[in-house]
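To start, the structure under review is shown below, and the notes come after it.
Laboratory data are not the source of any read-out in this text; all were calculated from the coordinates shown. Predicted model, so just to flag it, every value in this text is computed and none were measured. Positions of Cβ are generated from backbone atoms using ideal geometry, with glycine treated the same way; all protein chains shown enter the neighbour counts.
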Amino acid sequence: MGTRSTATERALADDRTLAPERAMALLEALPDGFALLDADWRFTWVNDASARLAGSTREAMIGEVAWDVLPLRGTPVEAAWRTARAEHRETVVEVELPGDPPQQLEVRAWPDGDGLATSTVDVTARHRAHQQVERSARRSSLLTRSGAELGGAVGVQEASKRLAHLVVPAVADWCVVMEVEGDEQLARGVVSTAGWWHRDSRCLPLVGVLVRPSNPDDDARPVPRLDAAQLHEARALFGPLGQGRPVVIAHGAAALMSPSVADPEARAALAQLDPESVVIIPLRGRYGLVGLLACFTDRGRPAPDPEDIALLTDLARRGGLAIEAARLRDEQQRLGEALQRSLLTAPPQLPGCEVAVRYVPAAHSAHVGGDWYDAFAQDSQQVVLVIGDVVGHDSRAAADMGQVRGILRGLGVSGSPSPAQLLATVDTAMARLRLDTTATALVARLERDPARLRRGGGVLRWCSAGHLPPLVVEPGVSARLLPGRTGLLLGVEQLTGGTPRSDLEAELPPGTTLLLCTDGLVERRGTPLDAGLEQLRRALEDYRALPLPQLCDAVVRRLLPAHPEDDVALLAVRLRPA
C-alpha cells in the first residue's frame with residue numbers, strides 16, 4: 001500500500017491537467033502523509049495524515065517553517081530534504097519512531113518548482129512482513145541443517161554438542177544439553193551434562209564450571225536438595241517437563257536458579273553469566289525422555305517469543321531422536337565390545353617374552369567382527385602366536401571366529417604340531433564339522449632351547465593360510481617383512497579336497513620385536529596392499545624404541561583413519577632374556 005500511494009501522490013502532484021481542487025481532494029483522502037513546502041521551507045499545504053504524524057493540526061502547520069514545527073534538525077530527514085532540493089532529484093530515507101512496537105516510516109522528497117514536495121508512508125507492516133519472511137527462511141535453513149548435522153552424529157556427546165551449536169547463537173546466547181535416563185531419573189533430579197556452547201568463547205569456561213559434576217569421578221549432577229517451600233515452587237515450575245512441555249522463565253532467570261546451585265564456584269559462574277531468561281525443553285525419543293535442552297538469553301536480547309519456542313521445540317524433537325539413536329548405538333557398541341573381549345583373551349605372560357595386543361572394531365559395525373589374536377605356550381620352550389581374520393565384520397563373523405579360534409587353540413595345546421600341521425588339522429576339523437566359513441590365519445611358533453631362552457632369542461617357525469606376512473625389527477637392522485609363501489585360506493579344503501602346507505623358518509636375535517596384524521590395518525580402497533605394508537614397516541621402524549604397548553598405540557594411530565572401515569587385530573611380541 002505504501003508504494004502504491006506514494007506513486008499516486010507523485011502522479012497527482014505532477015499532473016498539470018487535473019483541476020487543482022480535484023487533485024487536493026484526492027491527496028487529502030490518501031492514508032499517508034503528504035505536504036508541500038515553499039522556497040523558505042514553509043508549509044504551504046499538508047493533508048490530515050501528515051498533520052497526525054507531526055502530532056499537530058493543518059491550521060497550525062501551514063505557513064510555519066518546517067524546522068520550527070517538527071524536530072528535524074540534524075536528522076536524516078533534514079539531510080534528505082536539503083539534498084532533494086539542492087540536487088533536484090528524489091531522495092528516500094527511512095526513520096523509526098519510538099514506541100512498542102517501534103513505527104517505521106519511509107520519507108520521500110522531490111523538487112516542486114522552487115519548493116519541495118514530501119510524502120511520509122508508514123511501512124511498519126511492510127517491514128514486519130519482510131522480517132517475518134527472513135525469520136521463516138532462517139528457521140527453514142536451521143531445520144534443514146539440523147537434519148544433516150544431528151543425523152551424522154556418532155555418540156551421545158557428539159549429538160549433544162551438535163545440538164548446542166545449532167541453537168547458539170541462532171536462538172539463544174548459550175545453552176546446556178543434559179542427558180536423563182527417563183522420567184524416573186528426572187523426578188529424582190539426576191541428570192548428566194552432555195554438551196554446551198556459548199556465543200562468546202570467553203564465557204565457555206564459566207559454563208564449564210557451572211555444568212561440571214560435583215564429584216569429578218561422577219558425571220551425574222543431582223539437583224541440589226531443596227526445602228519444602230522451594231520444592232513446592234520447583235514442582236510447580238518444572239512440572240510441565242514431565243508432561244513433555246517446555247518451561248519458560250522470561251525474566252530473572254539467574255535469581256531463580258541461584259538458590260538451587262550448591263557449589264560456590266558454580267554459583268559465582270552463574271552470577272557472571274547472569275542470564276535474564278531461560279527456556280527448558282524436554283528431549284524425547286521414540287521410547288521416552290532422554291534429556292533436557294536449557295537455552296539461556298542474556299540481558300539486552302529479547303526473551304524467546306512463541307515462534308522462538310516453537311523452533312526450539314522442533315530442534316529439541318530432532319535432537320531427542322538423535323540422542324536416543326546415538327545412545328542405542330553406544331549401547332550396541334558396549335555390548336559388542338563386551339562380546340568381542342569375551343572372545344579374545346588377555347595377552348598371556350610368557351617366559352622371555354613381552355606381549356601386547358590391540359583390537360579396533362570397524363566404525364560402521366556393531367563393534368564385533370572376525371579378527372582375532374591368540375598366544376599360548378605349547379610347553380616350557382615353545383610359544384604359539386596366532387593372528388586371523390574370518391570373512392566379514394559383524395556378529396556372524398564374530399560367532400564363526402569364536403569357533404575357528406576355539407578349534408585352533410584346542411588342537412594347538414593338545415600336542416606339539418608345527419604351524420603347518422596345526423593349520424592342516426584345523427582345515428580337516430572345519431570340513432568334518434561343516435563349519436561354513438573361510439578365514440585367513442598365520443600361526444607362528446617361537447622355539448627356544450634353554451640357551452636361547454637365557455639369551456632372549458629364538459627360532460620363529462610359521463605358516464600362513466592366506467594371511468599377511470610377519471614384520472620384525474631386529475637390533476641394528478631396519479624393520480622388514482619376513483618373506484615366504486602364502487597358502488590357501490582356512491576352510492577352502494572343503495572345495496579343493498586338500499591343502500598342502502609347509503613351514504617357514506627365521507632366527508630371531510635377542511631384543512627382536514615381532515608384529516602380526518590383520519589386513520584392516522594396511523588395506524585401503526584404491527591403494528595397493530604393498531603400499532600399505534610399506535607404511536606399516538616405516539611406522540614400525542620409526543617407533544621401534546618405544547615400549548611395546550606405546551609402540552602398538554602409535555602404529556594404530558598413524559595407520560588407521562578416524563572411522564576405520566574394517567576391524568583390526570594386532571599382536572606384538574618382544575624377545576627378552578628370561
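A few notes on this one:
- Efficiency of FRET between residue 65 and residue 128 - r from beta-carbon atoms, R0 30 angstrom, step 0.05: 0.30
- Close amide H contacts of residue 284 (hydrogens built in the peptide plane, cut-off under 5 Å, sequence separation of 5 or more or a different chain): 290, 320.
- Using a simple spin-label model with pseudo-atoms 7 Å out from Cα toward Cβ, residue 330 and residue 434 lie 4.4 nm apart.
- Cβ-defined net charge surrounding residue 71, 15 Å radius [Lys, Arg +1; Asp, Glu -1]: -3
- Local net charge near residue 546, Cβ-Cβ under 11 Å (Lys/Arg +1, Asp/Glu -1): 0
- Residue 346/residue 286 FRET efficiency (R0 41 Å; Cβ-Cβ; nearest 0.05): 0.60
- Maximal additional length on extending the residue 542-residue 92 stretch stands at 154.8 nm, based on 0.36 nm per residue less the C-alpha distance.
- Net length available on complete extension from residue 534 to residue 507 is 7.5 nm, with 0.36 nm assigned per residue and the Cα-Cα distance removed.
- At an R0 of 56 angstrom, the distance between the Cβ atoms of residue 451 and residue 525 translates into a FRET efficiency of 0.70.
- Estimated inter-spin distance, residue 75 and residue 44, nm [label 7 Å along Cα→Cβ]: 2.3
- Length added when fully stretched, residue 114-residue 143, from 0.36 nm per residue minus Cα-Cα: 4.8 nm
- Net charge contributed by nearby residues that have their C-beta within less than 12 Å of residue 572 (K/R +1, D/E -1): +1
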